[in-house]
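Values in this text are rule-based calculations from the coordinates and carry no lab data. This structure is a prediction, so every number in the text was calculated from the model and none was measured. Glycine also receives a Cβ, built like all others from the backbone with ideal geometry; neighbour counts cover every protein chain displayed.
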Amino acid sequence: MTGAADLGEAYARCEAVTRTQAANFYYGIRLLPRERRRAMCAAYAFARRVDDIGDGTLEPAEKLRRLEEQTLALGRLEGAVPAPDPDDPVMIALADAHVRFELPLDALRDLIDGVRMDVEGVTYEDFDDLVVYCRRVAGAIGRVCLAIFGLRDGAHADMPAAEQLADDLGVALQLTNILRDVAEDAGNGRVYLPAEDLRRFGVIADGDPSGSRSAALAALAAVVRDPGEDNGFPRSPAGRSRMPELVHFEAERARDWFRRGLQLTALLDRRSAACVLAMAGIYRRLLDRIDSRPEDAMRRRVSLPTREKAWVAARGMLGGGAGWA
């Protein structure tokens, strides 16, 4: 049986992970009441662990084995009395959060399935394929967050409708991540942008999509080396790289998902809505920054300064939309 001191230490470990590794999310999470904040940190720490397995340097077979271990660990949380590993603070905290908020463990299994797609090198022929991935790695987290938030009294929606909005917002956040990390992902041999979009903007040639990964990686690597040079990347008749057009197209698509997903805030209490507005607001401003200077996204990961993140979080607490119209 986990004692109060052990449980407090477990939550403290999860909060430390969240504070140091999820700066964007922590600006929103810290606006929540203590019990919800701790549950959010537990969920994030678990998600971070799963992501780290997928992004690490282990061989694919070992990564898959460790992901399966996390699936089994979730299984031990089911039942009337969760039985997490007593030496695993993340699972101790997650078990307590599950008891308090009835966390949808299937959503966390979806997250593991999404990371498994990374390990297996799945590519995406069209946007519908990519949405499946986004719903698993980010929409799933939105559904977990919604379980912690709950619906406010008088909300004119049921939980399944709210879950759909949370899922949509997760897709918006993941699309922003994909645009932010194009250069880093290409360097790691990953391409998330759909092949049909890469063909539409001339990144890869029309034809057999089976060769799209290597062709896309070669093209994106050339842009990363120097976005302003004539580096073989397809160019418009006027001689301009078409990469900015692709970024603008994907950014506008992400904005559509933000517009739908942010309807969720009307169903939440004030502090939960503030948390969502802060987290989504930071990502939306990041998306705008990427869209305004797509060449920067090709060179490095784009980020916002700390004071700008704090300002967005403050706007969220005051109910401001941070320019989402």
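The phi torsions of the range 167-184, fed into the Karplus equation with coefficients 6.51, -1.76 and 1.60 and a -60° offset, translate into couplings of 5, 4, 5, x, 4, 4, 4, 5, 4, 5, 4, 4, 5, 5, 9, 3, 5, 4 Hz, rounded to whole numbers, with Gly and Pro shown as x. Within the shell defined by Cβ-Cβ distances under 9 Å, the residues around L151 carry a net charge of -2, with Lys and Arg each +1 and Asp and Glu each -1. The convex hull of the Cα atoms of the range 82-150, projected and averaged over all directions, covers 5.5 nm². Dipole size of the range 1-110 about its Cα centre, with +1 on Lys/Arg Cβ and -1 on Asp/Glu Cβ: approximately 520 debye, rounded to the nearest 20. Summing charges over all other residues whose Cβ lies under 12 Å from the Cβ of P160, with Lys and Arg as +1 and Asp and Glu as -1, gives -2.
Rounded to a whole number, what is D in µm²/s for the range 24-144 from Stokes-Einstein with the Kirkwood radius over alpha-carbon pairs (25 °C, 0.890 mPa s)? It diffuses with D of about 163 µm²/s by this estimate. Each residue of the range 188-199 is assigned a 3J(HN,Hα), and the resulting list reads 9, x, 10, 10, 9, 4, x, 4, 5, 6, 4, 6 Hz, derived from the Karplus form 6.51 cos²θ - 1.76 cosθ + 1.60 (θ = phi - 60°), x at Gly and Pro.
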